[in-house]
């Protein structure tokens, strides 16, 4: 082996080691409470735990729903039923900075979809407020994205342009975020540097029906409407509808 080849090999191995050392795994708690405007309604809040794996080039944020499967859960305080569907692969949101793409694995009831879109431009306004999140000094930033305004807390101490869900493009990792209604909340619970032996996170998610961004949202509305119509046709169940996406059944005797 000549000296030039040996040098190139050592440089390549060194770069690989650096890349692996710069791979971070962040564990988040995420809460979605669609009934927050009607009071606490914590029974209906969806609480999940997600992992973000990221390096300088790309990131994947993924989580699996709780493991109660397709069972129904009845509130002891109100005659309402919450449905839960379980998919062993779960949700995934893959950002590739070099390709400027965002690929998502979305679940609508028990159906899975793969949605690929150009990486959205997030025009953040960086604030002056600071606070500690998970042991890191964070700065506030806000953005309006697809009808919601989010406040995020990012840390320049971890200079990766990623965060939970589809949030990112700040000069530091987002460790906490919420929308201005309090419906959606993300918070980092732990951060560790890892050796990325699992290369699956570096690939866009798969195992679902491939649809465009626009097609997904029209398809989702139809899937939900069909599912609710099926349940509404069953004896003893009344579906309570309003101007929001239905999130519970109201039982009749």
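The values are calculated or read from the model by the stated rules, or taken from the named source; none is laboratory data. If you're wondering where the values come from, they're calculated on a predicted model, not measured in any experiment. Note: ideal-geometry Cβ built from the backbone for every residue, glycine included; neighbour counts use all protein chains shown.
Tabulated data
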quantity: Number of positions in the stretch 89-123 that are farther than 23 Å from residue 152 by Cα and without any contact (Cβ under 8 Å) to a residue 24 or more places away in the chain; calculated: 1
quantity: The stretch 200-213 - residue that is at pLDDT 85 or above and assigned to a helix (DSSP H, G or I) and, of those, nearest to the chain's Cα centre (by Cα); calculated: 201
quantity: Exclusive hit being at pLDDT below 90 and over 24 Å from residue 32 (Cα atoms), set 197, 218; calculated: 197
quantity: Qualifying strands (runs of 3 or more DSSP E) (wholly inside the stretch 1-111; at least 1 residues being closer than 26 Å to residue 121 by Cα and at pLDDT 60 or above); calculated: 24-32, 46-54, 58-63, 91-96, 101-108
